[in-house]
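The values are calculated or read from the model by the stated rules, or taken from the named source; none is laboratory data. What you see is a predicted model; the values in this text were computed from it and never measured. With ideal geometry, Cβ positions are generated from the backbone for all residues, glycine too; neighbour counts draw on all protein chains shown.
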Amino acid sequence: MGSITARVQARPGEADKPTRQDAYLRALGTLPGLDIIFGQFLTHAVRLPRADGGGYETVLRTEEKGSDVNLATHLLHDAHRGLSVRSSRSPSASLTSGPSSRSACARIWCEVR
């Protein structure tokens with residue numbers, strides 16, 4: 001079993017976010033047989049149009065990188081090794097994710113189940 005995530009960084013108004021994540025990851029680390037697999041967050045400045053149409057603003061955009069690839073790779077590897085298959089006709093996997101972060105590979109995995 002695995003948990004795939006990325007380390008967060010402190011941001012204005014959320015200075016304790018990394019501390020809270022560390023506590024959560026430490027708790028997960030106490031579960032036997034659980035592997036924590038890390039992607040990464042990349043933050044860069046981008047110019048976006050204002051909602052009121054009054055020009056553009058420069059904002060920080062943070063994107064998670066690598067987690068979807070890690071997820072797809074581990075799902076495929078586990079299936080290949082037979083770890084997530086109860087029988088040849090009833091494959092089993094569990095994916096917990098926010099609706100906006102489901103990768104194409106995860107959607108396909110759910111479709112073929």
The lone exception for Tyr24 - which of (1) modelled with pLDDT of 65 or more; (2) assigned to a helix (DSSP H, G or I); (3) over 30 Å from Pro12 (Cα atoms) it fails: (3)
task: Would you mind stating whether Ser101 is within 19 Å of Arg7 (Cα to Cα) and either surrounded by 10 or more Cβ atoms within 10 Å (Cβ to Cβ) or modelled with pLDDT of 75 or more (or both)?
output: yes
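Which one of these is of a type in the set (Gly, Ala, Ser), touching a residue at least 40 places away in the same chain (Cβ under 8 Å) and within 16 Å of Gly2 (Cβ to Cβ): Gly66, Gly33?
Values: Gly33 fails: touching a residue at least 40 places away in the same chain (Cβ under 8 Å).
So the residue among Gly66, Gly33 that is of a type in the set (Gly, Ala, Ser), touching a residue at least 40 places away in the same chain (Cβ under 8 Å) and within 16 Å of Gly2 (Cβ to Cβ) is Gly66.
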message: Checking the structure you have, find out if any residue of the stretch 28-51 is modelled with pLDDT of 80 or more, in a loop (DSSP other than H, G, I, E, B) and within 18 Å of the chain's Cα centre (by Cα).
response: yes
- prompt: When you look at Tyr56, is it closer than 27 Å to Ile4 by Cβ, at pLDDT 85 or above, surrounded by 10 or more Cβ atoms within 10 Å (Cβ to Cβ) and among the hydroxyl-bearing types (Ser, Thr, Tyr), yes or no?
  reply: no
task: Please name all residue pairs, on different chains or six or more residues apart, with Cβ atoms under 6 Å, provided the first residue is in the stretch 2-22 and is farther than 17 Å from Leu42 by Cβ and the second residue is assigned to a helix (DSSP H, G or I) and at pLDDT below 80.
output: Gly2/His74
query: Here are some conditions: (1) surrounded by 12 or more Cβ atoms within 10 Å (Cβ to Cβ); (2) touching a helix residue (DSSP H, G or I) at 6+ places or on another chain (Cβ under 7 Å). Ala10 meets all but one. Which one does it not meet?
result: (1)
